[in-house]
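Peer 1: Take this structure, written in structure tokens, and hold onto it; I'll ask about it next.
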Amino acid sequence: MMNRSDLPDTIPIFPLPGALLLPRGRMPLHIFEPRYLAMIEDAMKTSDRLIGMVQPFEAPGKESRLHSIGCAGRLTAFNETDDGRYMITLAGVSRFRITKEVEGFQPYRRCNVKWDGFARDLGPAEHDDGFERDVFMDMLCRYFEDQGLKTDWDQLGDAEDELLINSLSMLCPFPPEDKQALLEAPSLTTRRETLVTLIEYALRGGSAEMMQ
């Protein structure tokens with residue numbers, strides 16, 4: 001587990017729509033664009049091996065912009081394919097707030113960041129004392145059936161509260177702005193409440209983008 005003092009002031013940024021990384025979560029990524037191949041190579045040369053995952057959004061009349069809050073992941077697994085692509089895994093470390101985008105010669109984006117306000121991300125797994133698991137799992141079963149999704153229900157049912165809620169937040173096919181709301185939830189309880197709202201909305205016929 002990393003300490004606050006281990007976290008750098010500047011990190012490389014990977015803006016990927018709909019891709020949500022949360023603290024203590026794991027995200028597999030397939031890297032093939034030259035600029036992000038360079039980003040991975042540079043990150044591997046650092047002691048922290050951190051990459052910031054951030055949701056981009058389109059601003060009217062402007063180039064793609066970044067949400068102010070993202071989540072940094074530590075590169076914990078790396079494999080190179082025969083044709084030069086990288087298969088990596090990021091382990092979620094902590095959320096951060098972007099203060100400024102850094103100009104430079106790198107082909108990828110870099111930002112100055114602040115880690116203040118996200119101390120619980122570096123601590124032990126959170127618990128949700130108000131979590132009614134049986135009610136939630138019944139709703140989740142209906143949602144998966146409605147969306148045509150499949151899962152290992154035994155494994156899902158045995159998962160601890162945080163692992164269950166965060167995994168579903170990362171994997172369910174919600175639009176990018178909803179993923180951002182899940183990221184910015186200040187506690188596990190708030191994230192679970194947001195997740196329930198999104199699932200209930202989808203079950204009532206609300207739109208949801210298909211999983212990539």
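Peer 1: Do the conditions hold for ALA72, that is, is it within 19 Å of the chain's Cα centre (by Cα), in a helix (DSSP H, G or I) and surrounded by 12 or more Cβ atoms within 10 Å (Cβ to Cβ)?
Peer 2: No: the conditions fail for ALA72.
Peer 1: Could you list, in sequence order, the residues of region 76-86 that are assigned to a strand (DSSP E or B) and surrounded by fewer than 14 Cβ atoms within 10 Å (Cβ to Cβ)?
Peer 2: THR76, ALA77, ASN79, GLU80
Peer 1: Within the set of pairs 6 or more residues apart or between chains, which connect a residue that is part of a loop (DSSP other than H, G, I, E, B) inside region 181-195 to a residue that is buried (at least 22 other Cβ atoms within 10 Å of the Cβ) with Cβ atoms less than 9 Å apart?
Peer 2: Close Cβ pairs (under 9 Å, with a partner that is buried (at least 22 other Cβ atoms within 10 Å of the Cβ)) amount to ALA185/SER169; ALA185/ARG191; ALA185/ARG192; ALA185/LEU195.
Peer 1: Follow-up. Just one of ALA125, ALA91 is out of contact with any His (no Cβ under 9 Å at 6 or more places or on another chain), outside any helix (DSSP H, G or I), within 20 Å of THR189 (Cα to Cα) and hydrophobic (A, V, I, L, M, F, W, C); which is it?
Peer 2: ALA125
Peer 1: Does region 1-57 hold any residues that are outside any helix (DSSP H, G or I), in contact with a strand residue (DSSP E or B) (Cβ under 7 Å, 6 or more places away or on another chain) and either aromatic (Phe, Trp, Tyr) or free of Cβ contacts under 8 Å to residues at least 12 places away in the same chain (or both), and which are they?
Peer 2: Matches in region 1-57: PHE14, PHE57.
Peer 1: Right, PRO34: surrounded by 20 or more Cβ atoms within 10 Å (Cβ to Cβ) and either at pLDDT 95 or above or over 24 Å from GLY123 (Cα atoms) (or both) or not?
Peer 2: Considered against the rule, which asks whether it is surrounded by 20 or more Cβ atoms within 10 Å (Cβ to Cβ) and either at pLDDT 95 or above or over 24 Å from GLY123 (Cα atoms) (or both), PRO34 comes out as no.
The values are calculated or read from the model by the stated rules, or taken from the named source; none is laboratory data. This is a predicted model, so every value here is computed, not measured. Cβ: placed from backbone, ideal geometry, glycine included. Neighbour counts: every protein chain shown.
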